[in-house]
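The values are calculated or read from the model by the stated rules, or taken from the named source; none is laboratory data. Bear in mind the structure is a predicted one, so any value in this text is a computation, not a measurement. We place every Cβ from the backbone using ideal geometry, glycine too, and count neighbours over all the protein chains shown. To get the accessible areas, we keep the full protein, side chains included, count just its heavy atoms, and leave off ligands, DNA and RNA. Shrake-Rupley method; radii C 1.70, N 1.55, O 1.52, S 1.80 Å.
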Amino acid sequence: MKQVVLQSFPQGNPAPENFALVDAPMPQAGPGEILVKTLWLSLDPLIRFSIDEKRLTGVVHLQPGDVLYGGTVSEVIASNHADYPGGCLVEGRTGWREYAAVDPVGGDRVRGPMRKVDPALAPISTALGVLGMPGQTAHAAAVGMGRVQAGETVVISGAAGAVGSMAGQISKILGARVVGIAGGAAKCATLLDIGFDVAVDYKAPDFKAQLSAALPEGFDVYIDNVSGDVTVAVLPFAKFRARMPVAGFIAHYGVGMEGPGPDHMPGFMRIINSRSLEIRGFSGPVVAGEAGLAEMAQWVREGKLDYREAVVEGLENAAAAFCETFTGGNSRVGKLLVRVAAA
Ligand SMILES: NC(=O)c1ccc[n+]([C@@H]2O[C@H](COP(=O)([O-])OP(=O)(O)OC[C@H]3O[C@@H](n4cnc5c(N)ncnc54)[C@H](OP(=O)(O)O)[C@@H]3O)[C@@H](O)[C@H]2O)c1
């Protein structure tokens, strides 16, 4: 079978040569284990944390030669565990490989037992997107951390991504006016299609003027997925006691703890203090939990969430697609997935 291993630690943003597609022996299910065939692989920005040369954050840390970490939806094809019979569909973190033999209840110390996927609820790939970890993160950002209220103005960076596109729609459900920030005119047009009130293109030369026009009275909540120059531009629009759930800071993944500067800390601290800003980092799955997932499922059933998926075909194309997440060269809106095998 095929699998993707870490070839070398990336310096800065990951590049395809940091990964290698290799052959591996077909695994066998041991006592209490299941053998799964990977159908869908999720390409999440957080995978970047696991391949930092020096471990900084995150629970998984890989070495060259290790199989890449990642969320998957798989089919059980052989089972030594009564609760996970053959044919059952499961979501877990079995990595970038075609087959895996895993302990479904004790093998993943990161997130606990593998979750069973109900194909009647929605396409099974959604277990990695709107009905999975990114969906929980969007729910946690808007409902839990952001406490978005009707009539408020919410700004979202990384708005075209899996988390941002859902956080924007949840904020609309909650009655807010929603401003999305994304790179490029095409992504901004799609944000309007899926219900954002205003879309601001951070790559446009008039980005700051667009932002200013979109936020005449400032923002109540800023759901930040990217940090960097976008956040430096957004923060001066904070209203008094604005909330800022920090879902992620993708602009700084790969630059370690320091970054190249310039140092925006003085202005940042001034705004935090003078506007009584409430800034909270959080883990989406921990904050949203099962209740958040259930509410997302309810909104999907009611047709209230326009979730989109960008599908890359084949494990051999996973590394290049993952790398594009960080270079901004992608044109996708929504969740990035690899179809590893047909269901
Ligand atoms: N806290 C949690 O539990 C949790 C869970 C899931 C995800 N996250 C974090 O949430 C964020 C979004 O995740 P996601 O799954 O939605 O990601 P995603 O679907 O892969 O979208 C990421 C998008 O970020 C934008 N981006 C990349 N580099 C950028 C930069 N330097 N400046 C501005 N925008 C940049 C790109 O869109 P453009 O083309 O618009 O630039 C990219 O497509 C990430 O930071 C991720 O690590 C956190």
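Of all residues in segment 183-221 being among the hydroxyl-bearing types (S, T, Y) and surrounded by 17 or more Cβ atoms within 10 Å (Cβ to Cβ), which is farthest from the ligand (Cβ to nearest atom)? Step by step, filter segment 183-221, then rank; the result is T190.
So which residues in segment 110-141 are among the β-branched types (V, I, T) and either at pLDDT below 95 or surrounded by fewer than 23 Cβ atoms within 10 Å (Cβ to Cβ) (or both), if there are any at all? Across segment 110-141, the qualifying residues are V110, I124. Listed here are the helices (runs of 4 or more DSSP H) enclosed by segment 240-343 that have at least 3 residues being in contact (Cβ under 8 Å) with a residue 40 or more places away in the chain: 284-301, 318-327. The residue list R270, R275, R243 contains one member that is buried (at least 21 other Cβ atoms within 10 Å of the Cβ), farther than 15 Å from L46 by Cα and more than 13 Å from the ligand (Cβ to nearest atom), which is R243. Evaluation of A160 against the conditions (1) open to solvent by 40 Å² or more (accessible area, probe 1.4 Å); (2) within 14 Å of the ligand (Cβ to nearest atom) shows that the sole unmet condition is (1). Give segment 285-330 a look and list any residue that's within 16 Å of S125 (Cα to Cα), loosely packed, with under 12 Cβ neighbours inside 10 Å and assigned by TED's automatic domain parsing to the domain that holds D44, or say none. Across segment 285-330, the qualifying residue is only E313. In segment 139-232, counting only strands (runs of 3 or more DSSP E) that sit wholly within it, the ones holding 1 or more residues that are more than 25 Å from G261 (Cα to Cα) and of a type in the set (D, E, K, R) span 177-182, 219-223.
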